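As structure tokens, the structure follows; a few thoughts come after it.
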Amino acid sequence: MAKRESIEKRSWKPGNVLSPVPAVLVSCGGTVEWKPNLITIAWVGNVCSEPPMLSISVRPERYSHEIIRTTREFVANVPSLRQTKAVDWCGVVSGRSLDKFAGAGLTPAPAQKVNCPIVLECPLNIECRVRKTLELGSHTLFVAEVVAVQVSSALIDAKGRLCLEKSGLLAFAHGEYFALGRRLGRFGFSVRKRTRRLSR
């Protein structure tokens, strides 16, 4: 285990300092009432395995908030490093007056189970239907069930394994974007027994 060392701590004001988090392009709309729209969200996370569920937090004043609240569906599009500029741009402009797909140079493509489009360029597209809405204060938490997933074919190896580590994922920490670094180990590596090599 890690060697003990002298660590000094200082008090910091309570706030949203959990980092890093994914920066996700959430698509919504695509109905007769709502044009397709994108919103950048860093407050997203898995909340359940069976059924598979995730949550996103959205400010009520954001244009996408009313779309998601009304249609009760969205797609969490996980971008790669190639889409970093588009991710940032979609987070600072409003879809009320702009076509974010066109402005960001992204391609809307059909989803499998929901009406809103996926972002074709993103390596991972998670289609969701809202199951519960919680008004928390500055943000509304939408808890949604994953009803379909689309992945870029290039990320599936010959054995059928999803190799997301090859997509060049990005992370968001304290107002800045980062590329994920080198792999440190697979889950459970700290307790896994080493296999002995037989001498010949």
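The values are calculated or read from the model by the stated rules, or taken from the named source; none is laboratory data. As the structure is a prediction and not an experimental result, all values here were calculated from the model. Every residue, glycine as well, gets a Cβ built from its backbone with ideal geometry; the counts of neighbours run over all protein chains shown.
Given the condition surrounded by fewer than 21 Cβ atoms within 10 Å (Cβ to Cβ), at pLDDT below 95, assigned to a loop (DSSP other than H, G, I, E, B) and touching a helix residue (DSSP H, G or I) at 6+ places or on another chain (Cβ under 7 Å), answer yes or no: does some residue in the range 24-31 qualify? For the range 24-31, residues surrounded by fewer than 21 Cβ atoms within 10 Å (Cβ to Cβ), at pLDDT below 95, assigned to a loop (DSSP other than H, G, I, E, B) and touching a helix residue (DSSP H, G or I) at 6+ places or on another chain (Cβ under 7 Å): present.
Within the range 128-139, can one find any residue that is within 29 Å of Glu165 (Cβ to Cβ), part of a strand (DSSP E or B), touching a Leu at 6+ places or on another chain (Cβ under 6 Å) and at pLDDT 95 or above? Break it down stepwise before answering.
We begin by selecting, within the range 128-139, every residue within 29 Å of Glu165 (Cβ to Cβ); these are 128-129.
Then keep just the ones that are part of a strand (DSSP E or B); that gives 128-129.
From what is left, the residues that are touching a Leu at 6+ places or on another chain (Cβ under 6 Å) are none.
The answer is no, given that none of the residues of the range 128-139 is within 29 Å of Glu165 (Cβ to Cβ), part of a strand (DSSP E or B), touching a Leu at 6+ places or on another chain (Cβ under 6 Å) and at pLDDT 95 or above.
Tally time: how many residues in the range 142-190 are within 22 Å of Val75 (Cα to Cα) and part of a strand (DSSP E or B)? I'd like the intermediate steps shown before the answer.
From the range 142-190, those within 22 Å of Val75 (Cα to Cα) are 142-156, 162-172, 177; that's our starting set.
This time we only want the ones that are part of a strand (DSSP E or B), so: 142-151, 156, 162, 169-172, 177.
Summing the residues that are within 22 Å of Val75 (Cα to Cα) and part of a strand (DSSP E or B) in the range 142-190 gives 17.
In the range 17-36, the residues that are touching a residue at least 40 places away in the same chain (Cβ under 8 Å) reach residues that are among the basic types (Lys, Arg) with C-beta atoms within less than 6 angstrom, at least six apart or across chains, in these pairs: Gly29/Lys35.
Can you pull out the strands (runs of 3 or more DSSP E) entirely within the range 33-73 that have at least 1 residues that are touching a His at 6+ places or on another chain (Cβ under 7 Å) and not polar (S, T, N, Q)? Break it down into steps so the answer makes sense when it comes.
Numbers: elements: 37-41, 44-48, 53-58.
Those strands (runs of 3 or more DSSP E) span 53-58.
Look at Asp99 and say whether it is under 30 Å from Glu66 (Cα atoms), over 16 Å from the mean Cα position of the chain (by Cα) and of a type in the set (Asp, Glu). So Asp99 fits the description; yes. Sub-7 Å Cβ pairs linking a first residue in the range 79-102 that is among the aromatic types (Phe, Trp, Tyr) to a second residue that is assigned to a loop (DSSP other than H, G, I, E, B) and surrounded by 14 or more Cβ atoms within 10 Å (Cβ to Cβ), at least 6 apart or interchain, are Phe101/Pro36, ordered by first then second residue.
Does Ser167 satisfy the condition of being at pLDDT below 95 and among the hydroxyl-bearing types (Ser, Thr, Tyr)?
Working: at pLDDT below 95: yes; among the hydroxyl-bearing types (Ser, Thr, Tyr): yes.
Against the criterion (at pLDDT below 95 and among the hydroxyl-bearing types (Ser, Thr, Tyr)), Ser167 qualifies.
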